[in-house]
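Laboratory data are not the source of any read-out in this text; all were calculated from the coordinates shown. Quick caveat: nothing in here was measured; it's all calculated off a predicted structure. All Cβ positions, even for glycine, are placed from backbone atoms using ideal geometry, and neighbour counts span all protein chains on display.
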Amino acid sequence: MPALPLKLTCLLLAAVLVTACKQEKEASATISAPAEKKAMAPEQAQADTVYRDVQWEELIPKDDLDALLNPPAYLDTIVEGSAEDQLPQEPISSEDQATESRYQKALTSTRIKPEFDRQKIRIPGFVVPLEFDETQTIFRFLLVPYFGACLHLPPPPPNQVIYASFPKGMRVDVLYDPFYVEGELRTLRKDSDLGTAAYSMQVERVYPYEE
């Protein structure tokens, strides 16, 4: 299968992980089902389905969130976008080890909030394609709150990633802007070539995010 281009950007939890890496602002995205010109508007949703609006921080256990909100002090001394702004390859100072240990555990945590299992939710995020055909119709993807690849904004932890299945499929012209995704959330871990997701979802609808 062909690879789709991805660029670093962020929407949610930027404050949680300090600030984003330097990004380019791209054109707004459009999305459509395979046989349609554009996605259904939110008001066209089935009247008998009520989706709970969920923010990403609700899906993460409190102690993991606290650790992410209090990163190691040495990060403040590193200039964003510099050569040092990458995952550490050398031992850190002993005074930062305790904080670093808890922080790193939070960055790789698969711990979930069990009360969200089988909840019908609506959540905004970015699409990372996993399975798509020659027409660029996406059937499986990772939904994430932001893209990250540096010390100041690392990749989201597994409990901030949703493995999404959308049998109907969708076409996304640009992957840089966020979308609303609606469906049934499961607390089922899924592994893929692009990472681990602590949650999964059977997607029912996707449409562009609006404030």
Matching residues, segment 180-197, being in contact with a Phe, Trp or Tyr (Cβ under 9 Å, 6 or more places away or on another chain) and in a loop (DSSP other than H, G, I, E, B):
Thr187, Leu188, Arg189
Restricting segment 48-64 to residues that are surrounded by fewer than 20 Cβ atoms within 10 Å (Cβ to Cβ) and among the aliphatic types (A, V, I, L, M), the residue that is nearest to Pro156 (Cα to Cα):
Val54
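Scan segment 196-207 residue by residue and report those that are in contact with a strand residue (DSSP E or B) (Cβ under 7 Å, 6 or more places away or on another chain) and crowded, with 16+ Cβ neighbours inside 10 Å.
Of segment 196-207, the ones in contact with a strand residue (DSSP E or B) (Cβ under 7 Å, 6 or more places away or on another chain) are 197, 199-207.
Ala197, Tyr199, Ser200, Met201, Val203, Glu204, Arg205, Val206, Tyr207 - these are the residues of segment 196-207 that are in contact with a strand residue (DSSP E or B) (Cβ under 7 Å, 6 or more places away or on another chain) and crowded, with 16+ Cβ neighbours inside 10 Å.
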Does segment 182-201 hold any residues that are farther than 16 Å from Glu115 by Cα and either more than 13 Å from the chain's Cα centre (by Cα) or aliphatic (A, V, I, L, M) (or both), and which are they?
Glu182, Lys190, Asp191, Ser192, Asp193, Leu194, Ala197
Taking Val174 as meeting all but one of (1) in a loop (DSSP other than H, G, I, E, B); (2) among the hydrophobic types (A, V, I, L, M, F, W, C); (3) closer than 16 Å to Trp56 by Cβ, write down the number of the exception.
(3)
